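The values are calculated or read from the model by the stated rules, or taken from the named source; none is laboratory data. The structure presented is a predicted model; accordingly, all values stated were derived computationally and were not measured. Glycine also receives a Cβ, built like all others from the backbone with ideal geometry; neighbour counts cover every protein chain displayed. Note: accessible area is taken over every heavy atom of the protein model, side chains too, but ligands, DNA and RNA are not part of it. Shrake-Rupley method; radii C 1.70, N 1.55, O 1.52, S 1.80 Å.
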Amino acid sequence: MTMAIPSFTVETRTRASTLSAAAVIALLLLAFAAPFIVSRGVIQELFFILTMLVLAQNWNLLAGYAGLISVGQQAFVGFGAYTMFGAVILFGVDPVVAILIAGLFSIALAFPTAFFTFRLYGPYFAIGTWVVAEVVRLLLAQWKALGGGTGTSLPRDATRDMVGVDMMRDVFGMKASQASDALTYWLALILVVATIGFIYGLLRSKQGLGLAAVRDNEQAARAVGVDARRMKTLVYLATAFITGICGALIYVQKARISPDAAFSVTDWTAYVIFIVVIGGIGTIEGPILGVIIFFLLQNLLADYGSWYLLVLGLLGIAIMLFAPRGLWGLFSDRTGIQLFPVRRVLKGGPLNLTHKGGPHG
């Protein structure tokens, strides 16, 4: 006697994701070779795209997956940058090492920030994060050793003598400035890969399921045993760490800092939100598409002054009205293509078993 019982497997991989993996590897190899192929100006533009993508992916993780709508992420960009400047100027730390220190100090800032802001919900949480960012900006503007309200610059030899710069000059024959730009570009590329890899791995894990449950219905998630506060706190700390590192890296490349620039809500939050919204919130692919569109618009419209910001605003409103899930969400809904699939699909069918419980031959 045999009986049929259902036998299912859970899969997330799709044919498109398998094909895209090979394309991504080829693209990464080309990207790593870029400093030897393109001009220094192009490398600086690619650096801008990569760092904005890191910021966008982190904001998307907060808002699109944890349901934490923050308008104060510039707090960690600026704090990370100032931590790096302080480590380099006051203690003589190598900028590359100082970037990691900036990430750790950003986590330290995130603990008290989370303590206060997590007591707020919805729009109050968003306003609370912005207030925290302003408080941090005002405090650092009083730091006279780093220029106070007018800011300061990195010592010229700090970036010229960074770890790896001498080797690149000797091995590849690069000038000091070219080697410095190439090094920060490669660090940004590594940071992008690490960020997307971390987010993708998190979303495919059990913790990712819990995070999605918290985003969709926090009370229901709590009812089935998900520790919503713990999940949100972990995501908040992780994004603070990566955002702080990214902020420090940005200002290693800029080599000049001021409170207004480092804590600019327009540059480090408004533009980031725009990138995520037009690309597609709640998807890994969305910020990638969004940052490409943003870069193209910025180059096409930058000469039009205030009209540039007006066009960005109108485009953002139009996308929210007619494609609430962003351009990638619209494309994915119509084609079913997902390059980074995280949705779990049950596949399989009945399996015949003998009365002893083993497979029937």
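Tabulated values for the structure
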read-out: Of residues in region 219-233 being assigned to a helix (DSSP H, G or I) and touching a residue at least 12 places away in the same chain (Cβ under 8 Å), the one least open to solvent (accessible area, probe 1.4 Å); value: Ala228
read-out: Counted residues, region 104-140 - those being assigned to a helix (DSSP H, G or I) and at positive phi; value: 0
read-out: Failed criterion for Ala194 (all others in (1) exposed (fewer than 14 other Cβ atoms within 10 Å of the Cβ); (2) closer than 26 Å to Leu50 by Cβ; (3) at pLDDT below 95 hold); value: (3)
read-out: Given (1) touching a Pro at 6+ places or on another chain (Cβ under 9 Å); (2) over 14 Å from Phe79 (Cβ atoms), index of the condition Leu234 fails; value: (1)
read-out: Candidates Gln207, Gln253, filtered to the one that is of a type outside the set (Phe, Trp, Tyr), in contact (Cβ under 8 Å) with a residue 24 or more places away in the chain and farther than 18 Å from Ala102 by Cβ; value: Gln207
read-out: Hits in region 129-163 (condition: without any contact (Cβ under 8 Å) to a residue 40 or more places away in the chain and open to solvent by less than 50 Å² (accessible area, probe 1.4 Å)); value: Gly148
read-out: Filter result for Ser39 (surrounded by 12 or more Cβ atoms within 10 Å (Cβ to Cβ) and modelled with pLDDT under 95); value: no
read-out: Contacts under 7 angstrom Cβ, first residue in region 171-185 being over 19 Å from Thr51 (Cα atoms), partner part of a helix (DSSP H, G or I), 6 or more apart; value: Met174/Met168; Met174/Ala182; Ala176/Arg160; Ala176/Val165; Ala176/Arg169
read-out: Pick from region 142-178, criterion modelled with pLDDT of 90 or more and assigned to a helix (DSSP H, G or I), ranking: nearest to Gly64 (Cα to Cα); value: Leu146
read-out: Positions within region 301-315 being modelled with pLDDT under 90 and on the phi < 0 side of the Ramachandran plot, in sequence order; value: Leu301, Ala302, Asp303, Tyr304, Ser306, Trp307, Tyr308, Leu309, Leu310, Val311, Leu312, Gly313
read-out: Residue check, Val214 in a loop (DSSP other than H, G, I, E, B) and either of a type in the set (Gly, Ala, Ser) or open to solvent by less than 50 Å² (accessible area, probe 1.4 Å) (or both); value: no
read-out: Candidate set from region 65-124 (those that are open to solvent by 20 Å² or more (accessible area, probe 1.4 Å), small (Gly, Ala, Ser) and over 20 Å from the mean Cα position of the chain (by Cα)); member that is nearest to Ile199 (Cα to Cα); value: Gly122
